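Down below is the structure, laid out as structure tokens.
Laboratory data are not the source of any read-out in this text; all were calculated from the coordinates shown. Here the structure is a predicted model, which is why all the values come from computation and not from measurement. Positions of Cβ are backbone-derived with ideal geometry, glycine not excepted, and every protein chain shown enters the neighbour counts.
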Amino acid sequence: MFQVLFLVYVSLMLTEYIAIAMKQATYELLEDNTYYGEIPVCEGVWSNHSTLEGCRDELQNTLEGWIILGLQKRHFLPILNGIDLNLKEKVA
């Protein structure tokens, strides 16, 4: 039972983290009439697409992959609105 509750909590935390990060996204219409989007606080997370909606979708997919890779490689992920996804070392 604890494991199920823990997984639900982690899922909700990830969902909230993604929503907070996406609210910080900025978009720009480029000279070639494509849209460029980025999340400045999440270094390297950007997208480019022919439509604004497509740019948002790609940006969220990029963000999700960036989080997964960051967790796997133990990169520091920014703390957003108090949500800290960084893995802590277990102290004996």
Picked from segment 17-28 (must be free of Cβ contacts under 8 Å to residues at least 12 places away in the same chain and part of a helix (DSSP H, G or I)), the residue farthest from ASN86 (Cα to Cα) is LYS23
Among the residues of segment 2-39, the number that are on the phi < 0 side of the Ramachandran plot, more than 10 Å from the chain's Cα centre (by Cα) and exposed (fewer than 12 other Cβ atoms within 10 Å of the Cβ) is 18
The residue from GLU43, GLU58 that alone is of a type in the set (D, E, K, R), out of contact with any helix residue (DSSP H, G or I) (no Cβ under 6 Å at 6 or more places or on another chain), closer than 17 Å to ILE20 by Cα and not in a helix (DSSP H, G or I) is GLU43
Reported set for segment 42-92 where residues are among the basic types (Lys, Arg) and either in contact (Cβ under 8 Å) with a residue 24 or more places away in the chain or surrounded by 11 or more Cβ atoms within 10 Å (Cβ to Cβ) (or both) is ARG56
With criteria (1) out of contact with any Asp or Glu (no Cβ under 9 Å at 6 or more places or on another chain); (2) in contact (Cβ under 8 Å) with a residue 60 or more places away in the chain, LEU14 comes up short on (1)
